[in-house]
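Below you'll find the structure, written out as structure tokens, and then a few comments.
The values are calculated or read from the model by the stated rules, or taken from the named source; none is laboratory data. Values in this document were obtained by computation on a predicted structure and should not be read as measured data. Cβ placement follows ideal geometry from the backbone for every residue including glycine, while neighbour counts extend to all protein chains displayed.
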Amino acid sequence: MGAYAHENEVITVRHRSIAALSAAALSMLVLAGCAGDAEPTADADPSADATEAPADLCDSAAPGGDDIDAVKVSGEFGEEAEVSFDAPLELTEIERKVLTEGSGDKLEVGEYITYAATVYDAETGEYVGSEGYDDQTALPAGVQANNIFGMALGCATPGTRVAFTFPGQTAQDGTTMSSQVYVLDFLARAETKAWGEAEDEPAGLPAVERAEDGEPTITIPDDLEVPEETEVTTLIAGDGATVEDGDSVFLQYKGVKASNGEEFDSSWSRGTPTALPATAGPGGVVEGFAKAMIGQKVGSQVIAVIPRAEGYGPTEGHELQEEDLIFVVDILGAMHTAE
């Protein structure tokens with residue numbers, strides 16, 4: 001992501017977690033579920049080596065135990081859960097139990113899901129918060145064998161509700177999170193490419209061809225005219241929620257130089273979608289990339305032709321300072337940032 005982060009800094013997405021609805025909890029809980037280039041964080045099993053993680057999510061599911069058996073849950077799947085237990089619960093490991101069985105194909109490593117969750121503090125028994133039950137309150141999450149979604153869900157099917165315990169953790173930056181109890185609903189599989197209706201591409205734009213998995217190939221025409229301000233054209237029109245300024249956006253993208261078509265940054269090349277803030281400036285993205293997201297509907301793919309003045313032109317010494325940029329962006333999800 002650093003190739004288009006403001007001032008060439010890696011972006012930290014201000015994104016509520018499924019736990020405390022805070023950025024601190026996100027870093028401990030999601031374990032690169034949305035940001036493919038993030039470092040492993042505290043929700044990983046500290047004794048697990050990623051190269052030794054189970055390939056079958058059925059083997060990744062956390063075990064049951066006395067702590068999770070002491071948790072009582074009421075409420076319907078897809079709605080906030082009501083949770084009760086005798087506090088405090090002295091948690092030492094992740095335990096889980098299945099409350100509702102789903103149906104369909106089993107989860108596999110590397111898939112993305114949409115989810116909803118209700119969270120309680122294991123030490124006080126108090127309600128902490130919830131996320132994902134309403135539109136634009138959660139982004140899709142990646143499921144790996146050694147992240148919290150893999151350990152909580154295992155190889156579950158859509159429609160599954162689980163409860164699980166999460167012992168208190170300390171993140172790499174010293175941030176702490178108390179022990180918590182979750183009820184997690186696996187709503188559906190999430191798309192990793194645009195799924196709307198294809199639009200006719202106007203003449204004069206770079207040509208975009210898509211592989212079966214959705215990855216675009218961008219060909220720059222000899223007569224490309226770069227505008228004075230960023231021009232954004234819809235290639236695939238989605239029908240989902242509209243991205244607003246300041247939202248967190250789950251997306252795929254590829255960026256190439258307008259001068260020669262050379263790729264300089266791509267989520268596709270890293271093999272995973274990512275999440276970015278739809279805002280320009282410090283802590284956000286360059287102006288032209290923000291314009292490519294804001295106002296777009298989820299499910300869409302757009303192409304943005306970005307003049308250097310709205311790319312890295314203002315950033316002295318940046319390797320792309322003298323380059324006009326082309327981005328093809330798939331908008332896969334959007335979440336309103338907490339006030």
(request) Residues that are closer than 27 Å to HIS336 by Cβ and under 23 Å from the mean Cα position of the chain (by Cα): find the strands (runs of 3 or more DSSP E) completely inside segment 55-136 holding 2 or more of those. (result) 112-121, 127-131
(message) Take GLY311 and tell me if it is more than 13 Å from SER248 (Cα to Cα) and crowded, with 24+ Cβ neighbours inside 10 Å.
(response) yes
(message) Quick check on my filter: what residues within segment 137-161 are part of a loop (DSSP other than H, G, I, E, B), modelled with pLDDT of 95 or more and closer than 25 Å to PHE85 by Cβ?
(response) GLY154, ALA156, GLY159, THR160
(message) Suppose the filter is assigned by TED's automatic domain parsing to the domain that holds GLY238, buried (at least 20 other Cβ atoms within 10 Å of the Cβ), assigned to a loop (DSSP other than H, G, I, E, B) and touching a strand residue (DSSP E or B) at 6+ places or on another chain (Cβ under 7 Å); does LEU276 pass it?
(response) no
(request) State which residue is surrounded by the fewest Cβ atoms within 10 Å (Cβ to Cβ) when the search covers only segment 165-189 and only residues that are closer than 30 Å to LYS297 by Cα and touching a helix residue (DSSP H, G or I) at 6+ places or on another chain (Cβ under 8 Å). (result) PHE186
(request) Considering each of THR114, THR118 in turn, give the residue that is more than 14 Å from VAL162 (Cα to Cα) and of a type in the set (S, T, N, Q). (result) THR114
(request) Working only within segment 190-214, note down all residues that are crowded, with 18+ Cβ neighbours inside 10 Å and charged (D, E, K, R). (result) GLU191, LYS193
(request) Output the number of residues of segment 314-339 satisfying the condition of being part of a strand (DSSP E or B) and in contact with a helix residue (DSSP H, G or I) (Cβ under 8 Å, 6 or more places away or on another chain). (result) 4
